[in-house]
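Here the structure comes first, spelled out in structure tokens, and everything after it is commentary.
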Amino acid sequence: MIKIMLFAAAAALAAASPTIAQDGTTVDPADNAALNDPNVMTVRNVTRTEMAHGLQIFDAGGKPVGMVERMSGNDVIISSGTREYTVPITDFYAYNQHGQDYFATRTPKATLEAQSSTSGTKPIAMR
């Protein structure tokens, strides 16, 4: 009786598992459909070394925010040409679109502008 229950449990587990590809990776039909959708993009966190001087930064809506000026601790200083924004590195992500990597902040540009004007950050021309 125990052998039958063990066999039934093993059969149920095997039936619930996704298919395994020849290279040992798991293939889920829903994953393939999602990854083949042209409107889907992969997003990843960034590292400190990627936040190099001159790197162009966009907001989540795709609007240009500015370029990386420098790192200050765990913050990235972005220059828009007229203002500097201080953004925590944890707020950034990278995505690939049409074979090119883009770097973005989760904070919209309008919010960064509002925060810089209320936090006492002066326009670059006034520094």
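The values are calculated or read from the model by the stated rules, or taken from the named source; none is laboratory data. Owing to the predicted nature of the structure, the values given are computational and were not obtained by experimental measurement. Just the protein is used for accessible areas: all its heavy atoms, side chains included, with ligands, DNA and RNA removed. Shrake-Rupley method; radii C 1.70, N 1.55, O 1.52, S 1.80 Å.
Residues whose amide H comes within less than 5 Å of that of LEU55, counting only those at least five positions distant or on another chain, are VAL68 (H built at 1.01 Å from N in the peptide plane). Counting heavy atoms of the protein chains alone, LYS63 has an accessible area of about 130 Å² for a 1.4 Å probe. Put ASP91, ASP101, ASP75 in order of accessible area, highest first, and with a 1.4 Å probe you get ASP101, ASP75, ASP91.
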